[in-house]
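Before any comments, here is the structure.
The values are calculated or read from the model by the stated rules, or taken from the named source; none is laboratory data. Note that this is a predicted model, so its numbers are computed, not measured. No Cβ is skipped: glycine too gets one built from the backbone with ideal geometry, and neighbour counts run over all protein chains shown.
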Amino acid sequence: MAKLTVKDLKVQGKRVLVRVDYNVPMEDQNGQMVINDATRIKETLPTLEYLIQQGAKIILMAHLGRPKGQREPSMSLRPVAAKLADMLGANVAFVDDCIGEKVEKTVSLLQPGDVLLLENVRYYNEEEANDPVFAEKLARLGDLYVNDAFGAAHRAHASTEGVARFIAQRGGQCAAGLLMERELKFLGDELENPARPFVVILGGAKVSDKIKVIDRLLEKADTLLIGGAMAYTFKLALGFQVGKSLVEADKTDIAKAALEKAKARGVQLLLPVDNTVATPFKTDKLNKKGKPVIELRNERPLSEPNIPDTEEGVDIGPASILAFGDILRQAKTILWNGPMGIFEDPRFAVGTFAVARVVAEATQKNGAKSIIGGGDSVKAINNAGLGDQVTFMSTGGGASLEFLEGKVLPGVAALSEA
Ligand code: AMP
């Protein structure tokens, strides 16, 4: 159902409570928390610049880390306020709480165009519990509500769901921010009636994490390409040997069901025809849990589809890279979620980077629409320097997956209908 967006609201002089995703990676440098990657802050700038220009009084709510209801100083949003001010080129006020008299007083002093960031909402356990008393206290701070935190929309928390209900009850409108609007467009509307062929490429660790996505996409896609460790569960289901590869031996039934559904619907489901394998080797070193560190040595391509007992599949092989590439070059719509191998190790990142390059090429040369469904695939595209050569990269991890599964996200459901 279509939702209001921030552009539908009359915000001039109004207190607009905006939920943003500022859960940024931080690092302690000589006792100071420093932001390692400000991408999430950058993603909110269009909505904030629009609201400033329209003369809204902007109150930002966000969470950082998992302080579990404690005022954990290393998880304060104060450094984010400074960074945001830098990036916006405007003042950003900060208040060291998110509810209560002091916060209400600060909000009452805001002028049109002012920006105020509240302290981490997760300093209160009531946030994750979606406690109505807490949500009502947040709701007192705004006349209107905007949710631009797609990455947190799959959780029914006070700042993503409860607060919207209170604002709506009082007659205030609740709308999607510009980032949220783009996420809903690309992961939702664009995939409802995709230009064809529509090719989905899925990878990552576990079939069980993605089976609902697979199931839903089998109803929409023309071709499904499967890589990563999850391919080994499919291979096992088909009777191949997978050696020491990461596999969910108890999940072959769901892999079989997916294969059958693909066949019944005439969807092409392709698995890797070859692999890069390596030999796991137990070293004398111990990990944090006191277990021996396993090193992967002697990596090499293996064209034989059966992986010997001593070997582990760590990436798709060269023939699979070519086969997947050929299909992706024909595609008019591409959705990609999950790496093709253990891409954190450069030796096993070849397949993932090859896919990243071909997705970018299909977008630039063939006019395919390419949608990167969050998480590790976004990392891979960015590491390959191809971030500006794909159509859309989702900012959500868990939220993107749940949305692709067809679930209604509580943070989206709470927004007013257009
Ligand atoms: P996911 O969060 O399900 O998308 O999984 C991402 C993780 O899957 C990454 O950390 C990869 O290292 C891992 N992965 C991908 N392929 C393999 C593989 N062949 N063996 C072990 N782990 C893999």
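Details
- Flag for PRO25 being within 22 Å of PHE150 (Cβ to Cβ) and touching an Asp or Glu at 6+ places or on another chain (Cβ under 6 Å): yes
- All conditions but one from (1) in contact (Cβ under 8 Å) with a residue 40 or more places away in the chain; (2) over 20 Å from MET393 (Cα atoms) apply to LEU236; the one that does not is (1).
- Positions within the stretch 352-379 being in contact with a Ser or Thr (Cβ under 7 Å, 6 or more places away or on another chain), within 12 Å of the ligand (Cβ to nearest atom) and within 20 Å of LEU271 (Cβ to Cβ), in sequence order: GLY373
- ALA2 surrounded by 15 or more Cβ atoms within 10 Å (Cβ to Cβ) and not acidic (Asp, Glu): no
The rows are residues; the columns are (1) touching a residue at least 12 places away in the same chain (Cβ under 8 Å); (2) in contact with a strand residue (DSSP E or B) (Cβ under 7 Å, 6 or more places away or on another chain); (3) farther than 19 Å from LEU217 by Cα.
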{"site": "ASN275", "(1), (2), (3)": "yes, yes, yes"}
{"site": "LYS291", "(1), (2), (3)": "no, no, yes"}
{"site": "PRO308", "(1), (2), (3)": "yes, no, yes"}
{"site": "ILE316", "(1), (2), (3)": "yes, yes, yes"}
{"site": "ILE321", "(1), (2), (3)": "yes, no, yes"}
{"site": "LEU328", "(1), (2), (3)": "yes, yes, no"}
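- Checked against (1) away from the ligand (no atom under 11 Å from the Cβ); (2) over 13 Å from GLY338 (Cβ atoms), ILE214 meets all criteria but (2).
- Among the residues of this structure, VAL207 does not count as one that is away from the ligand (no atom under 16 Å from the Cβ), in the same structural domain as GLU260 (by TED's automatic domain parsing), under 28 Å from GLY351 (Cα atoms) and among the β-branched types (Val, Ile, Thr).
- Residue within the stretch 226-237 that is modelled with pLDDT of 95 or more, polar (S, T, N, Q) and either more than 27 Å from ALA356 (Cβ to Cβ) or in the same structural domain as THR352 (by TED's automatic domain parsing) (or both) present: yes
- Scanning the stretch 330-351 for residues that are in a helix (DSSP H, G or I), touching an Asp or Glu at 6+ places or on another chain (Cβ under 7 Å) and either near the ligand (Cβ under 8 Å from one of its atoms) or without any contact (Cβ under 8 Å) to a residue 60 or more places away in the chain (or both) yields a total of 1.
- Within the stretch 154-186, tally of residues that are of a type in the set (A, V, I, L, M) and either within 16 Å of the ligand (Cβ to nearest atom) or assigned to a loop (DSSP other than H, G, I, E, B) (or both): 1
- Lone qualifier among LYS68, LYS42 - being out of contact with any Cys (no Cβ under 6 Å at 6 or more places or on another chain), free of Cβ contacts under 8 Å to residues at least 60 places away in the same chain and in a helix (DSSP H, G or I): LYS42
- Residue pairs whose Cβ atoms lie under 8 Å apart, sitting 6 or more positions apart in sequence or on different chains, and linking a residue in the stretch 243-258 that is in contact (Cβ under 8 Å) with a residue 24 or more places away in the chain to a partner that is in a loop (DSSP other than H, G, I, E, B) and of a type in the set (Val, Ile, Thr), are GLY243/THR310; LYS244/THR310.
- Among the residues of the stretch 228-272, those that are away from the ligand (no atom under 11 Å from the Cβ), in a helix (DSSP H, G or I) and of a type in the set (Gly, Ala, Ser) comprise ALA237, ALA249, ALA255, ALA257, ALA258, ALA262, ALA264.
- Taking the stretch 120-153 as the range and being in contact (Cβ under 8 Å) with a residue 60 or more places away in the chain and outside any loop (DSSP other than H, G, I, E, B) as the test, the residues that pass are VAL121, GLU127, LEU138, ALA139, LEU144, TYR145, VAL146, ASN147, PHE150, GLY151, ALA152.
- Of all residues in the stretch 394-418, those satisfying the criterion of being in contact with a helix residue (DSSP H, G or I) (Cβ under 6 Å, 6 or more places away or on another chain), modelled with pLDDT under 95 and not in a helix (DSSP H, G or I) are SER394, THR395, GLY396, GLU405, GLY406.
- The single condition among (1) small (Gly, Ala, Ser); (2) within 16 Å of the ligand (Cβ to nearest atom); (3) surrounded by fewer than 22 Cβ atoms within 10 Å (Cβ to Cβ) that ALA195 does not meet is (2).
- Close pairs (7 angstrom Cβ cut-off, 6 or more residues apart or separate chains): closer than 20 Å to ARG19 by Cβ in the stretch 168-197, surrounded by fewer than 17 Cβ atoms within 10 Å (Cβ to Cβ) and hydroxyl-bearing (Ser, Thr, Tyr) anywhere: LEU178/TYR50
- Among the candidates ALA323, ALA356, ALA331, ALA413, residue that is closer than 24 Å to ILE211 by Cα and not assigned by TED's automatic domain parsing to the domain that holds ILE211: ALA413
- Condition met for ASP148 (touching a helix residue (DSSP H, G or I) at 6+ places or on another chain (Cβ under 7 Å) and modelled with pLDDT of 95 or more): yes
- Filter result for the condition that a residue is within 22 Å of GLU311 (Cβ to Cβ) and of a type outside the set (A, V, I, L, M), over GLY266, GLY228: GLY228
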